[in-house]
Amino acid sequence: MSESDDILVNAVSFSSGSLLREFHLLKELPDVESTNQYHVLCTSEVAERLGDTDPVINLYPVVPKENGFLQPIQTPRRIFWENVDLLRWARRIDPDLLYFPSHISNVLNFTPKIVAVRNIAPFYPSAQPNRTLRESARLRALRIATRLSVRQAKRIVFFTQATLDRVAEYIPSVTEKAVVIPHGVPEGFGPVEPDPEILASYNLPEEYLLSVSNVARYKNYLQLVEGYAKACEQSDGVPDLCLVGKVIDDGYSEELDAKIRSLGIADRVHRIGFVDHGDLPHLHSASTGFLFSSACENAPITLIEALACGSAIASSNRTSMPEICGEAALYFDPYRPDSIADSIGTLATEADTRDALEDAALDRAKEFSWKDSARKTCSVFDEVIREGV
């Protein structure tokens, strides 16, 4: 690299998951490469959450907090931002490189670009049955935008090999420019002595199985609670089930409540809702085990958090989940309640299996490092900038 290179990061369209990743990367990048200047375009909300940063990180809160139109779901407005407003900032900063960590780049600028593929929903239509016409149109638009973005990009960052392989089925050319850079373990996650006050604040039962995910159809909560009900019928001693996560799909949330009532397990399933991120290590450490039933994920940080806390995990066997957990989990078919029930029964009743999974989880978590992610990211930045010189 030259003595100082300017890298423009478009963080305006960050979702919570991408913000978490880039928050950790931005903390590590100055230690790995201190000569670059990073110019981060973001909402005022993101700027507040990032707080004080290293002097080489320059935050530009270009969108007011109350203006939420640039969330990923608002695809047309987002494309307008990245192809019109962003150009003005690019001319002002004159960067050596544009980095798009939230999936879609612009197509009207010739500065070298790197794109991180984050939203894989357009490439897994079967994971989202019963879509509305609006949702189907949005997924098609995202698929088209992804094709245009990766065509323009000098490098394409994937977080798992599974996601790269899937996208390559639709866009074979991505393999020529792809690099896989895994996530790290979020700060503060590891085994802890559970704080009784934190547990009491969520009214948790004494023993419980934990599941952490937003409430959306592809998370397969209907199948999870049906599998849980079967496990309770088949085995004594299955703990209560605690579901943590904010509601993304109100209609699906209502279906979930109705399903729980119809199965007669309303007294055994606790919908906790949103939990402060800093409290999750306490919930993990106090749980009997962790369940993850999603049918479609890119690189779920939720699973990495569970690994880092030493949770005994039973997970969906779809998309990237086996790549994340390796041998540190039991696996089930997220569409088959019988398969889910078998894993829950094993997790709940076989102490030796739980102990082995907990040890394996801690070992597996050591393979995820934000410093390694930052080092690999800087290496990709370096390669692309040198190619453009």
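The values are calculated or read from the model by the stated rules, or taken from the named source; none is laboratory data. Nothing here was measured: the structure is a model prediction, and the numbers come from that model. Don't worry about glycine lacking a Cβ; one is built from the backbone with ideal geometry, like all the others, and counts go over all protein chains shown.
Structure data summary
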read-out	value
Residues (on the phi < 0 side of the Ramachandran plot and modelled with pLDDT under 75) located in the range 82-103	Glu82, Asn83
Positions within the range 179-197 being surrounded by fewer than 14 Cβ atoms within 10 Å (Cβ to Cβ) and under 22 Å from the mean Cα position of the chain (by Cα), in sequence order	Glu187, Gly188
Failed criterion for Val62 (all others in (1) out of contact with any Lys or Arg (no Cβ under 7 Å at 6 or more places or on another chain); (2) at pLDDT below 75; (3) surrounded by 18 or more Cβ atoms within 10 Å (Cβ to Cβ) hold)	(2)
Single residue of Glu206, Glu176 found to be charged (D, E, K, R), assigned by TED's automatic domain parsing to the domain that holds Glu358 and either surrounded by 22 or more Cβ atoms within 10 Å (Cβ to Cβ) or on the phi < 0 side of the Ramachandran plot (or both)	Glu206
All strands (runs of 3 or more DSSP E) inside the range 126-218 with 3 or more residues being at pLDDT below 95	none
Checking Glu387 against (1) outside any helix (DSSP H, G or I); (2) surrounded by fewer than 16 Cβ atoms within 10 Å (Cβ to Cβ), the condition it does not meet	(1)
Selection count where residues are charged (D, E, K, R), modelled with pLDDT under 80 and over 13 Å from the mean Cα position of the chain (by Cα), scope the range 13-47	2
Members of the range 236-255 that are touching a strand residue (DSSP E or B) at 6+ places or on another chain (Cβ under 7 Å), charged (D, E, K, R) and not in a loop (DSSP other than H, G, I, E, B)	Asp240
Hits in the range 360-384 (condition: closer than 22 Å to Gly310 by Cα, assigned to a helix (DSSP H, G or I) and acidic (Asp, Glu))	Asp363, Asp372
Scope the range 310-341; condition part of a strand (DSSP E or B) and buried (at least 24 other Cβ atoms within 10 Å of the Cβ); matching residues	Ile313, Ala314, Ser315, Ser316, Phe332
Which listed residue, of Leu307, Leu347, is crowded, with 19+ Cβ neighbours inside 10 Å, touching a residue at least 12 places away in the same chain (Cβ under 8 Å) and closer than 27 Å to Leu164 by Cβ	Leu307
Of all residues in the range 286-300 being among the aliphatic types (A, V, I, L, M) and crowded, with 23+ Cβ neighbours inside 10 Å, the one that is modelled with the highest pLDDT	Leu291
The range 250-274 residues that are assigned by TED's automatic domain parsing to the domain that holds Leu224 and in contact (Cβ under 8 Å) with a residue 60 or more places away in the chain, paired with ones that are in a loop (DSSP other than H, G, I, E, B) and surrounded by fewer than 17 Cβ atoms within 10 Å (Cβ to Cβ) (beta carbon under 6 Å, 6 or more apart)	Ile272/Tyr202
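The rows are residues; the columns are (1) among the β-branched types (Val, Ile, Thr); (2) surrounded by fewer than 20 Cβ atoms within 10 Å (Cβ to Cβ).
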position	(1), (2)
Leu97	no, no
His103	no, no
Phe123	no, no
Ala137	no, yes
Val150	yes, no
Gln161	no, yes
Asp165	no, yes
Ala168	no, yes
